[in-house]
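S.K.: Here you go, one structure.
Values in this text are rule-based calculations from the coordinates and carry no lab data. Since this is a predicted model, take the numbers as computed values, not measurements. Neighbour counts are summed over all protein chains in view; Cβ atoms, including those assigned to glycine, are modelled from backbone coordinates with ideal geometry.
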């Protein structure tokens, strides 16, 4: 049965690591059937290449919005990125938004790529928008690089939204100045979410833009009790532990959490020498051990418990100012009980939201 659309809700396709990208086809079809408004696609340099996944998502669904959240501008030539986005824009009938992010400095260092800066992102977004509107970019020498001549097609007049993923206050304000949409981060407390939304709106206002014109998505780890224990551990404890491994300092800082707890987590014998990501290779016993290192307060920045409790946590995101909520860490099929509960408490006013996740009303 096809359910009525919920354009204010999204999910991550192939959440976390996946060795079976073909699963995305079924996830998108099921997500659309259940009424989820958008699918967000992260990129990992294994079997999750953003352009390929985006094309698959467009083919698997007829109505669902699609966004990369995120890819990095420094891994592709800007003309190739522009072509990717224009192709997706037309392939999907206007349902696609290009999502960009900073990525990880250490990873770019070992790849031999320049680290991503706000100046680079602003420069490359300007180049992309010019190309999408049929302009030629000649003699460009800026933060994004030196480009003697770039051109797609002078007949182009493509209105393709750009989304930025952001965490820190300065980046959030920057996103409000230059982007059409913003995707926040998992495990933001409600207070942090409210501050993040305010920073985006402030950045837009300072740039002379309508603050409401930027669509802000919160990312809510949604791990209901209807899942088995090991799945809950992996999707909640394992996921947070993996973030703490990679960029815990930033997450702890933006949430106002105690850095001493993070230091103790990293000094733990299991954590300090761990050979990979906890949400990928952690055993049930290892995840239980890690759960003892992470305060309940930190894990509470999520949706857990009964489907009704998870639905209530979605409402909390809207109460903190988000325009949309990405239910993270679960497949559409796993989210079905939560969506049923959410429909019973769904606020009014969302039905006219665009299908494209990068467009506001």
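S.K.: State, to one decimal in nm, how far the label point of residue 229 lies from the label point of residue 107, with both points 7 Å from Cα in the Cβ direction.
M.R.: 3.3 nm
S.K.: Suppose a student asked you for the relative contact order of the chain, using Cα pairs under 8 Å spaced at least 6 residues apart; what percent would you report? Could you put the intermediate results ahead of the total?
M.R.: On the way: 716 pairs, mean separation 73.6, N = 361.
Reported as a whole number, the value is 20 percent.
S.K.: Follow-up question, since we're still on this one. When the convex hull of the Cα atoms of the chain is projected onto a plane and the area is averaged over all directions, what value comes out in nm²?
M.R.: On the way: hull surface 69.3 nm².
Average projection, Cα convex hull of the chain: 17.3 nm².
S.K.: Once fully extended, how much extra length lies between residue 245 and residue 297, figured as 0.36 nm per residue of separation less the alpha-carbon to alpha-carbon distance?
M.R.: Numbers: separation 52, 0.36 × 52 = 18.72 nm, distance 1.81 nm.
Going from the current span to full extension adds 16.9 nm.
S.K.: Shifting gears a bit: With r as the distance between the Cβ atoms of residue 3 and residue 90 and R0 = 25 Å, compute the FRET efficiency 1/(1 + (r/R0)^6) and round to 0.05.
M.R.: Working: r = 28 Å, r/R0 = 1.11.
Using R0 = 25 Å, I get an efficiency of 0.35.
S.K.: Please report the equivalent ellipsoid semi-axes of the stretch 161-244, computed as sqrt(5 x eigenvalue) of the Cα gyration tensor, largest first, in whole Å. Working shown, then result.
M.R.: Numbers: eigenvalues 183, 25, 20 Å².
So the equivalent ellipsoid measures 30, 11, 10 Å along its semi-axes.
S.K.: While we're here: Please check which bits of the stretch 235-257 a label hung off residue 191 would reach, taking the label as a point 7 Å along Cα-to-C-beta and the cut-off as backbone N under 11 Å.
M.R.: Backbone N within reach: 255-257.
S.K.: Next question, about the same structure. Could you tell me how many degrees, from 0 to 90 and to the nearest 10, lie between the Cα long axis of helix 78-91 and the main elongation axis, the longest principal axis, of the Cα atoms of the chain?
M.R.: Taking Cα atoms only, the helix is inclined about 80 degrees.
S.K.: Next up: For the stretch 90-247, treating each Cα as an identical point scatterer without solvent, what Debye log10 I(q)/I(0) comes out at q = 0.11 1/Å?
M.R.: -0.57
S.K.: While we're on this one: At q = 0.16, 0.22 Å⁻¹, what base-10 log of I(q)/I(0) does the Debye formula yield for the stretch 45-90 when every alpha carbon is treated as an equal point scatterer in vacuo?
M.R.: Result of the Debye calculation: -0.44, -0.81.
S.K.: Applying a 10 Å radius around every beta-carbon, put 33-44, 255-266 in order of their mean neighbour count, most first. It would help to have the intermediate numbers written out before the result.
M.R.: On the way: 33-44: 22.7, 255-266: 14.8.
Listed from highest to lowest mean packing, they are 33-44, 255-266.
S.K.: Cα convex hull of the stretch 199-268: how many Å³ per residue?
M.R.: Value for the stretch 199-268: 121 Å³ per residue.
S.K.: Now, a different point. FRET efficiency for residue 206 and residue 284, Cβ-Cβ distance as r, R0 = 56 Å, nearest 0.05?
M.R.: Working: r = 48 Å, r/R0 = 0.87.
My answer for the efficiency is 0.70.
S.K.: Any number yet on Rg/Rh for the stretch 1-88, C-alpha, Kirkwood? Show your work: numbers first, answer last.
M.R.: Working: Rg = 13.0 Å, Rh = 13.3 Å.
Using only Cα positions, Rg/Rh for the stretch 1-88 is 0.98.
S.K.: On to the next question. List residues of the stretch 288-332, by number, whose backbone nitrogen lies under 18 Å from a label position 7 Å along Cα→C-beta of residue 267.
M.R.: 290, 292-295
S.K.: Run a plain Debye calculation on the stretch 1-157 (Cα atoms as equal point scatterers, no solvent) and give log10 I(q)/I(0) at q = 0.08, 0.10, 0.13, 0.17 Å⁻¹, rounded to two decimals, same order as the q list.
M.R.: At q = 0.08, 0.10, 0.13, 0.17 Å⁻¹ the computed log10 ratios are -0.25, -0.39, -0.65, -1.01.
S.K.: Next up: Restricted to Cα positions, what overall size does the stretch 80-146 have along the principal axes? Three whole-Å values, descending.
M.R.: Each principal axis gives a Cα extent; for the stretch 80-146 these are 37, 28, 17 Å.
S.K.: Taking the alpha-carbon set of the stretch 264-353, what are its Rg and Dmax in Å?
M.R.: Considering the stretch 264-353 through its Cα atoms, Rg and Dmax are 16.9, 52 Å.
S.K.: Rounded to the nearest 0.05, what FRET efficiency is calculated for residue 115 and residue 33 with R0 set to 56 Å and r the Cβ-Cβ distance? Walk me through the numbers on the way to the answer.
M.R.: Numbers: r = 41 Å, r/R0 = 0.74.
Taking R0 as 56 Å, the efficiency between residue 115 and residue 33 is 0.85.
S.K.: Roughly how many nanometres apart are two label points built 7 Å out from the Cα toward the Cβ at residue 76 and residue 312?
M.R.: Each label point is offset 7 Å from its Cα along the Cβ direction, giving 4.3 nm.
S.K.: Right, another one. Once you keep just the Cα pairs under 8 angstrom separated by 6 or more residues, what percentage relative contact order results for the stretch 71-182?
M.R.: Values: 167 pairs, mean separation 29.5, N = 112.
After rounding, I find 26 percent.
S.K.: Can I get the semi-axes of the stretch 309-355's equivalent ellipsoid? Compute them from the C-alpha gyration tensor as square roots of 5 times the eigenvalues, in angstrom, largest first. Write down the numbers at each step before the final one.
M.R.: Numbers: eigenvalues 59, 31, 27 Å².
Over the Cα atoms of the stretch 309-355, the semi-axes work out to 17, 13, 12 Å.
S.K.: By what distance, in whole Å, do the Cα atoms of the stretch 70-119 stretch along each of the three principal axes, largest value first?
M.R.: 37, 18, 16
S.K.: Rounded to a whole number, what is D in µm²/s for the stretch 204-323 from Stokes-Einstein with the Kirkwood radius over alpha-carbon pairs (37 °C, 0.692 mPa s)? List each step's numbers first, then the result.
M.R.: Numbers: Rh = 15.9 Å.
Using the Kirkwood radius from Cα pairs, D works out to 206 µm²/s.
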